[in-house]
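Here the structure is laid out as structure tokens; the discussion comes afterwards.
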Amino acid sequence: MIELPDLVAGGLAAGTLSALALGGGLLRLRRQQTRQRAEISALRTQLDGSLRAFTAEVEHLAARRVPAAAQRVAHPHLAVPGPLQPLTVGTPLGIALENVLLALQAEVASQRTRVDAAAQAGMRGATREIQAALYRLQDALRRLQQRYDDPELAQTLFQLDHENEQSLRRAQVAAVVCGAWVGLAREESHLVDAVTGGQARLAGYQRVKVHNHLEPGTALVSHAVEPVAIIVAELLDNALRHSAPDTDVVVSLEHVHHGVCVTVDDAGLGMTRDERDRAQRLVAGDAPILLTDLGDPPRMGLAAIGRLTRQFDLGVDVSSASPYGGVRAVLRVDSHLLSRLDPADRPPAPSAPRTTRRSVPAAPAPTHTYGTQDAVPDAPRHHTATDENGNGHGEGDGNDGLPQRRRRRTRPAPAAVPEASAPPASSRPARRPEEAAAALGALQSGTAAARSGAEAAPAADAPTAAAHDTDHTHDEGGAAR
């Protein structure tokens, strides 16, 4: 039988063991809780750091990267800054931020194109109305020129017509940049008439020197006449604007293997490499043209050239320097845009520079028949001459009676009068009104020849303003071509 003290001792021992086990468990739980609290604190610190880094990254995205990405749409040469933490590149966060920039750029480009298209449509409608009004004014001036013979009045009317022609050119260039058709349908015309017609639309046209080295009768097909005149006018306008007023702009018309080239050389300051590259991109017409890319105020000349080169399969190069230190611009007209007119039936305008080439008839093929001396150019010929007594004898006959080879005589070329021999402008006498009217009349005839081909309408059948309005109401339809 177990005694009471033994039971008490056993119970105490069991309680002690239980207390020790419970205390050990509580100690382990406290240590585990301490470790968990430390881990939670570390995680909270890490989360706070990540949150601050993410906040800084988003602030950097909004303050630096988003504006740069929006500006890059209009200025591709600008660089977009990267993320603040390079380690985020390639991570889900970095990829998400890059997708934000790409979506922003796509939307900005879309909205920019839409807004620019709306602006071009508004400007196209405005320029169409301006062109119609200027054509009506042009017709009124032409009728006044035909009605009055007073030289001073004629000179004033010619000057007004020239100013109106310049305004019309600017309106036409703006319309072309905005996607309108050139507005005028021409007949086949001599290429030199198209060049001088473009020259006549400019202020300072007197400084342009045209050298025509084309074959007589070299002409343009009807739909290429007006585009070539517009392109030449814009190239000459750039050359005149960016060169000193006391220098000349030299234009050369040359045949090349695939067609004809019109070369414009100025003596200006030239362009930097970046300016030359930008100008070449504009005249190439490969990229879409936006009004916001043309500056303030917009400079539309090169943009109009780009539209026309792409639309009419022409080529323009402005990437080289001229021999005079300025810029060389070359317009290439391929063979499929060229035709031929008989100069006898439809001669060029009287004011157009005469070609340096002459039509040489094809020489007959040499025959090799024996006894025919004319087949060999240098063959000795026996020419019979008559002396004073009427007796015939061989020219150059000697004592042996053999014919002598006739020496060829070259005709001396007429001495060219150098341009420097002309008296300076300051020493020249003032022109009379009749002379000024005659000079302006020659200019007007060149412009009219380029505008309507070689057909000259009589005074009673002058085109009306309604006809010009009709031409310009087809701008929208022509642009769709």
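The values are calculated or read from the model by the stated rules, or taken from the named source; none is laboratory data. None of these values were measured; they are calculated from a predicted model. Methodologically, a virtual Cβ is constructed for each residue, glycine included, from the backbone with ideal geometry; neighbour enumeration extends over all protein chains shown. We work out accessible area using only protein heavy atoms, side chains counted, and drop any ligands, DNA or RNA first. Shrake-Rupley method; radii C 1.70, N 1.55, O 1.52, S 1.80 Å.
Per-structure values
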| read-out | value |
| --- | --- |
| Förster-model FRET efficiency, 51 Å R0, Ser18 and Thr55, C-beta, rounded to 0.05 | 0.40 |
| Heavy-atom accessible surface of region 256-308: percent carbon and sulfur, 1.4 Å | 53 percent |
| Accessible surface, per residue, of region 63-138 when the full set of protein chains is kept, probe 1.4 Å, Å² | 59 Å² |
| Net length gained if the chain between Ala79 and His257 were fully extended (0.36 nm per residue, minus Cα distance) | 59.7 nm |
| Relative packing of peptides 127-135, 202-210 - highest average C-beta neighbours within 10 Å first | 127-135, 202-210 |
| Quotient of C-alpha Rg and 2.2 N^0.38 Å, computed over region 130-254 | 1.13 |
| For region 200-292, accessible area per residue (1.4 Å probe, heavy atoms of protein chains only), Å² | 43 Å² |
| Label-point separation in nm, Arg241 to Glu215, each point 7 Å along Cα→Cβ | 3.7 nm |
| Accessible carbon and sulfur surface of region 51-206 relative to its total accessible area, %, 1.4 Å | 62 percent |
| By average C-beta atoms within 10 angstrom, highest first, the peptides 103-114, 42-53, 301-312 | 301-312, 103-114, 42-53 |
| Length added when fully stretched, Leu137-Leu29, from 0.36 nm per residue minus Cα-Cα | 28.7 nm |
| More than 19 Å apart - percent of Cα-Cα pairs taken over region 245-312 | 50 percent |
